[in-house]
Amino acid sequence: MASLGQLSLALLLFTPTAFAAVAKPPTPAGQDYAPRFVYKSKRQATADLTRPPQSPPVFNDTVDSLKMDAPGLCNQTKAVLDKLAASVSPLNATFANTYGPILEDEHDVLTKMYIQQFYASVSADSALRDASSEAASIQSNCALESGTRDDIFKLVESVYNSLNTTQGINGTIDAQDRYLVDKDYKGYLRNGLALEGSQREQFKAARSRITTLQLQFDQNYSGDTSVIWLSPAELEGLPEDHINSLAKGTGENEGKVALTFKAPDVTPALALVKNPDVRRRIYIARDTRVLQNVPLMKEAIVKRDEAARMLGYEHHAALNLENKMAHDVATVQPFLEGLRDRLYDRGQEEIAGMNELKKKDHEARNLTYDGNFYYWDRDYYNNIIVETEYAVDQVKVSEYFPLDRTITAMLQIFESLFSMHFVQLSTADLAALSPSGNAEEMTWHEDVIAFAVWEGDNSGFVGYLYMDLYPRDGKYSHFAEFTLQPGFQKSDGKSRHYPVAALVCNFPKPQGSNPALMTHDDVVTFFHELGHGIHELSGRTKWARLSGTSTARDFVEAPSQMLENWMWTNLTLSQLSSHYKTNESMPTELMDALISTKHVMEGLLTLRQIAFGLFDMKIHTPASHEEAEALDMSLEYSRSMRNTTGLKGPEDQGEPENWSSGEATFGHLMGGYDAGYYGYLWSQVYSTDMFYTAFKTDPMNPATGNKYRHMVLEKGGSQDEFQTLEEFLGRPPNSEAFYKELGLE
Ligand SMILES: [Zn+2]
C-alpha cells in the first residue's frame, strides 16, 4: 500500500515548443462542419465492437455520493488490512497470503478512486469539483494511514527478507512480484516506518500537512479566474476575431476586454501583441498571480525538508530521487549543470540575434530601445524570425490542421503503428452501455468523446479512451492525460481488467459552422498526450500499481517525447495535414520550412527547462533545515530564470530581484515532480536514443511499432527502466543521440 499515496492521477504537460510561435488561427466561415468530432477508422469491424467485454465507467457521482464513497473506500481498505493483520503473522507471511488481499483490495479501490478524484479537474459543477477535491484529500490521508501501519509493515518486511533466501517460502516468486515487494518495502521505509513513537507522529503530521497544502494549492490554481483588462488598441497585433471573442468590460473596465492567463489567450498575446509595454504588463501579471499559493509552496518545502531529515536523508531531493532512474543528486546536478554549460553560449547567440531585430524594429517604430532583451520580447521576436527567416506563417500552417481531421489522422497513425483499432461510441452506444440507459452519465460533460479501443485485428479489447477537447470554466486549464482506471490481471489469474484513460485538453472550440484549427504546437502537444494515453492502454502487467504510465517519474515522459518526433517528419505531416477548405496536404515548401524550425531557439528553450530544473533542485537541497526555512522562493525562482537563460526582467528595470512569483503557478513542484522536474530532460535522453535507434529511418514500420508496444509500453513500471531500454535497444542506453539532436556532438 505504501506506493498508493504516491500514485498520481495526471501526467502534466511539458510543451517543449511552449514559446515557439503561436498564433490563434483565424475562424474561417462559409463551410459546414459537423458540430461534434466523428472518427472513422480505416480498419474494418468484424463484429459489433461497440459492446466491449468490460462496461465503461459510469460518471454519475454526486456531492452526496462522494461524501459517502470516498470514506467508504478507505474503510474497506482498513477492514482488509485489519483482517490480514489478524490472520497472518510475520512468521508465516508469504507473498500470496500477504500481498494477495492487499493487491486485490487495491485493484478494487483504484477502479473507483481515480474517477472520484477526477471531477475536481473536469466537472462543470463547482460543488462537485470541491467534493472531489475533498475525496482526494480523504483518500490521500487514508493511503498515508494504510501505508504507515506497523502490523502490515512487519508482514511486508518478513516477505521482503525471505525473498533473499532462495529456498525460502517465497522461492517461487516471479520477477514482477519480487520487483513489487522491493519497491513496496522501500516505500514503507520512506513512509517513516523505521521511526518510533513521537518521531513517527511528527513525521505523519508533516506528511499530512503537505497533502493539505498540495490540495489547497491546486484548488487556488485551477480556480484562478484572474484576467488583465486591456483596450483593443493595446492588443494590436492579436487577430481581431480573437480580441472580439474576449469578455467585454463594464463600469471601470468599460471599453476594455479581459485577457485570461489560460494558454489559448496568453500564449498568442505574448507572441503577437505589438506594444512591448503591454506585453510586459501581461507577462508580469501572469507571473505574479495566485499569490496565496506563495506561502503554501514555501511551507510545503519546509515540511518536506523536515520529513526527509527525520528519515535520515540529507534533504528532500535525496529521499525523492532514491526510486528514480537517476537515483541521486550527485547524478542530477551535474546532468543539469553540464547541459547548461554546453548550451549557454547558444542561448546567448539566439538572444543576440533577436535583440538585433528588436533594435531595428524599435527604431522603425520610434520606440525606446534600452539595449536589453526581456522575457516578454522572446515569443514576439521568435515569432517574427520564424515567419520571416523561415518563411513559416503559423496561421497558414494551422489552416492545414482542422481539429477533427487532424485527430482522426493521428488515431490512424496509432492504429497502424501499434496495431490498434479505435471505435468511437455514439450517444446511442453510450446509452446502450449505460446501466440506466442514460448516455449522459457515461461521460462527465457533453463535449466528451468516448472510444472503445481494440487490438488492430479485433482479436481482443484494449480499453477505453476519452477526449475532453475544449476549455470551460473550472476545468483544468492545460493539456494532460489522466488515468481513470489502471489495467491489471484479475484475481482469477486469467482475465484482465482493461485500462481507462482520458485526455483533457483546451483547444479553442469551433464557432458555429467554423472548424477549430490547431497550431502545429497543438498538434505536437496532442500527439504527446495521446502517447501517454496509449502507454496507459498498452499496460499488460499483473498489478495495477505497475501498469502503463506507473513507471519511474524520470522515465514516464520518454515514450510521449519520442512520439513528438513523428510530428516533425514529412511522411507523417503529409498524412496528417488537410487544408480545411481544399482538403489538400501541406505543400512541400511549407512543410520543409516548418520542419526546419524544429530546433529554432532550442538553446533558449532548453535553458528555460534547465532553469526550472535547477530551481527545483535548489529548493529541495538546502544544506540545513534552517536554510530551508530561510529560503526566499520567489527570489530563487527569479534568479534561476534570469541566470540560466540570460534573458532580462523587471529586476533590470529597477524592480526588486524577487519580483516573480512564478512558483505560485508551478504545480509540477507541488505534487509529483518535486525534486523531479529534471526528469523531462533526463527522459529526453532516452526518448531520443529510442527514436534514433529504432524509428528515425522508418517511423511508420508496424513491426518496430509492435515491438516497441510490447517491449516498452506494455512493461509499464514492472521492471527497472534501464532493463526495459536495454532489452528494446539491444544494448545499454546512452546520451549520444540526445546531444546529436541538440547539435552538441
Ligand atoms: Zn507528458
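Bear in mind that the values in this text are calculations on the coordinates, not laboratory data. Owing to the predicted nature of the structure, the values given are computational and were not obtained by experimental measurement. Here the Cβ positions follow ideal geometry from the backbone for every residue, glycine too, while neighbour counts run over all protein chains shown.
If every alpha-carbon in the range 444-483 counts as one equal scatterer, what log10 I(q)/I(0) does Debye give at q = 0.25, 0.32 1/Å? Rounded to two decimals, the profile gives -0.90, -1.17.
Per the helix-only calculation at 222 nm, which mean residue ellipticity applies to the chain, given -39500 (n - 2.57) for every DSSP H run of n ≥ 4 and division by its residues, nearest 500 deg cm²/dmol?
About -16000 deg cm²/dmol.
The modelled label-to-label distance for the pair Lys78/His327, using points 7 Å beyond Cα in the direction of Cβ, is 4.1 nm.
Largest first, the extents of the alpha carbon coordinates of the range 501-604 on the three principal axes equal 49, 39, 26 Å.
Hey, what did the chain get for relative contact order, percent, Cα under 8 Å, at least 6 apart?
Once divided by the residue count of the chain, the mean separation gives 19 percent.
The distance separating the Cα centre of the range 625-682 from that of the range 97-131 comes to 33 Å.
List every DSSP H helix in the chain whose Cα atoms extend 15 Å or more along the helix's own long axis and whose mean Kyte-Doolittle hydropathy is at least -0.5.
Helix filter hits for the chain: 63-87, 100-122, 126-146, 150-163, 293-310, 403-418, 520-538, 602-619, 679-690.
Electrostatic tally near Gly72: other residues with Cβ closer than 13 Å to its Cβ, Lys and Arg +1, Asp and Glu -1, net -2.
Each peptide in 123-130, 185-192 was scored by the mean count of other Cβ atoms within 10 Å over its residues; highest first, the order is 185-192, 123-130.
Can you give the % of DSSP beta bridges in the chain that are antiparallel, to the nearest 5? Approximately 80 percent, going by the DSSP bridge assignments. Cysteines in the chain that lack a partner Cβ within the 4.7 Å cut-off: Cys505.
Treating only the Cβ of Lys, Arg, Asp and Glu as charged (+1, +1, -1, -1), what charge dipole size does the chain show about its Cα centre? Round to the nearest 20 debye.
Computed charge dipole of the chain: roughly 860 debye.
Apply the Kirkwood formula to the chain: the hydrodynamic radius equals the inverse of the mean of 1/r over all pairs of different alpha-carbon atoms; give it in Å with one decimal.
Computed over the chain, the radius equals 27.0 Å.
Put +1 on the Cβ of each Lys and Arg and -1 on the Cβ of each Asp and Glu in the range 63-221; which of Tyr119, Gly192, Leu163 then has its Cα farthest toward the positive end of the dipole? Sorting the options by dipole projection puts first Gly192. For Lys707, the lysines whose Cα comes closer than 20 Å to its Cα, not counting residues fewer than 8 places off in the same chain, are Lys542, Lys696, Lys715.
Judged by the mean number of other Cβ atoms found within 10 Å, the most tightly packed of the peptides 672-682, 431-441, 657-667 leads the ranking 672-682, 657-667, 431-441. Positive end of the dipole of the chain (Cβ unit charges, origin at the Cα centre): among Phe612, Gly705, Met518, the Cα lying farthest that way belongs to Gly705. Considering every alpha-carbon pair of the range 354-423, the percent of pairs per 5 Å bin, from zero through the bin containing the longest distance, is 3, 13, 16, 13, 10, 10, 8, 8, 8, 5, 3, 2. Taking 0.890 mPa s as the viscosity and 25 °C as the temperature, the Stokes-Einstein diffusion coefficient of the range 256-358 based on its alpha-carbon Kirkwood radius rounds to 137 µm²/s. The packing ranking of peptides 359-367, 213-221, highest mean first, is 213-221, 359-367, where packing means the average number of other beta carbon atoms within 10 angstrom of each residue. The phi torsions of the range 446-461, fed into the Karplus equation with coefficients 6.51, -1.76 and 1.60 and a -60° offset, translate into couplings of 5, 6, 6, 10, 10, 10, 8, 10, 10, 4, x, 9, 6, 6, x, 7 Hz, rounded to whole numbers, with Gly and Pro shown as x.
Find which of Leu357, Phe738, Phe422 sits farthest along the positive direction of the dipole of the chain, computed with +1 on the beta-carbon of Lys and Arg, -1 on that of Asp and Glu, about the Cα centre. Most positive-ward Cα: Phe422. A Förster distance of 30 Å, applied to the separation of the beta-carbon atoms of Ala428 and Gln511, puts the FRET efficiency at 0.65. Relative contact order for the range 224-279: 42 percent, from Cα pairs under 8 Å spaced at least 6 residues apart, divided by residue count. For the range 63-221, a simple Cβ point-charge model (Lys and Arg +1, Asp and Glu -1, everything else neutral) yields a dipole of about 380 debye relative to the Cα centre. Full extension of the segment from Asp698 to Glu655, taken as 0.36 nm per residue of separation minus the current Cα-Cα distance, would add 10.2 nm. FRET efficiency for the Asn161 to Glu104 pair, using the beta carbon distance and R₀ = 35 Å, is estimated at 0.90. Orientation-averaged projection of the range 224-279 equals 3.7 nm² [convex hull of Cα atoms, one quarter of hull surface area].
Taking 0.692 mPa s as the viscosity and 37 °C as the temperature, the Stokes-Einstein diffusion coefficient of the range 109-183 based on its alpha-carbon Kirkwood radius rounds to 218 µm²/s. Each label point was placed 7 Å from the Cα along the Cα-to-Cβ direction; for Ser495 and Ala233 their separation is 7.0 nm. Here r is the Cβ-Cβ distance between Asn97 and Asp720 and R0 is 41 Å; the resulting FRET efficiency, rounded to 0.05, is 0.95. The value given for the range 633-674 is a Kirkwood hydrodynamic radius of 10.9 Å, derived from the mean inverse Cα-Cα separation.
Starting from the Cα gyration tensor of the range 102-236, take the square roots of the eigenvalues, sort them a ≥ b ≥ c, and report rounded, prolate or oblate (rounded when a/c is under 1.5, otherwise prolate if a/b is larger than b/c, else oblate). Here the range 102-236 falls in the prolate category. Report, in listed order, any pair from Lys262/Lys358; Lys42/Lys324; Lys248/Lys509 with a Cα-Cα distance greater than 29 Å. Too far apart for the 29 Å limit: Lys42/Lys324. Extending 7 Å from the Cα toward the beta-carbon at both Ser596 and Asn706 defines two label points whose distance is 4.0 nm.
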